[in-house]
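The values are calculated or read from the model by the stated rules, or taken from the named source; none is laboratory data. All of these numbers come straight from a predicted model, not from anything done at the bench. Quick reminder, even Gly has a Cβ in these numbers, built from the backbone with ideal geometry, and neighbours come from all protein chains shown.
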């Protein structure tokens, strides 16, 4: 997972969280797990997109937008390059202790 601080760079959100899976099934499972874990601590998405194709699922939490990609899709769109003006940060800086729960269950080697 990678977290990018885009506050001051964009009005879309303050942070992007990028994660990836190696299959559509894994992408969908990762997104569902993230949504479930955040829901357990009272955080619900404002909207979600992409679950039907599961190549790029977006979980929009307002100031935090989580992108869960198939690794090929992540490589193709390369949001890290697109948002290079943002600052790479530690996941715990955006979500706090709950991030450790989510990260331990969903982290996928890149």
Residue selected from the stretch 21-44 under the condition at pLDDT below 95 and closer than 22 Å to residue 86 by Cβ, by the criterion farthest from the chain's Cα centre (by Cα): 43
Which residue is modelled with the lowest pLDDT, if the candidates are limited to the stretch 1-16 and must be crowded, with 17+ Cβ neighbours inside 10 Å and in a loop (DSSP other than H, G, I, E, B)? 1
Counting only residues in the stretch 41-54 that are in contact with a helix residue (DSSP H, G or I) (Cβ under 8 Å, 6 or more places away or on another chain) and on the phi < 0 side of the Ramachandran plot, the one surrounded by the fewest Cβ atoms within 10 Å (Cβ to Cβ) is identified as 44
Among the residues of the stretch 23-32, is any surrounded by fewer than 15 Cβ atoms within 10 Å (Cβ to Cβ) and touching a residue at least 40 places away in the same chain (Cβ under 8 Å)? yes
Can you confirm whether the stretch 73-85 contains a residue that is in contact with a helix residue (DSSP H, G or I) (Cβ under 6 Å, 6 or more places away or on another chain), assigned to a helix (DSSP H, G or I), modelled with pLDDT under 90 and surrounded by fewer than 18 Cβ atoms within 10 Å (Cβ to Cβ)? no
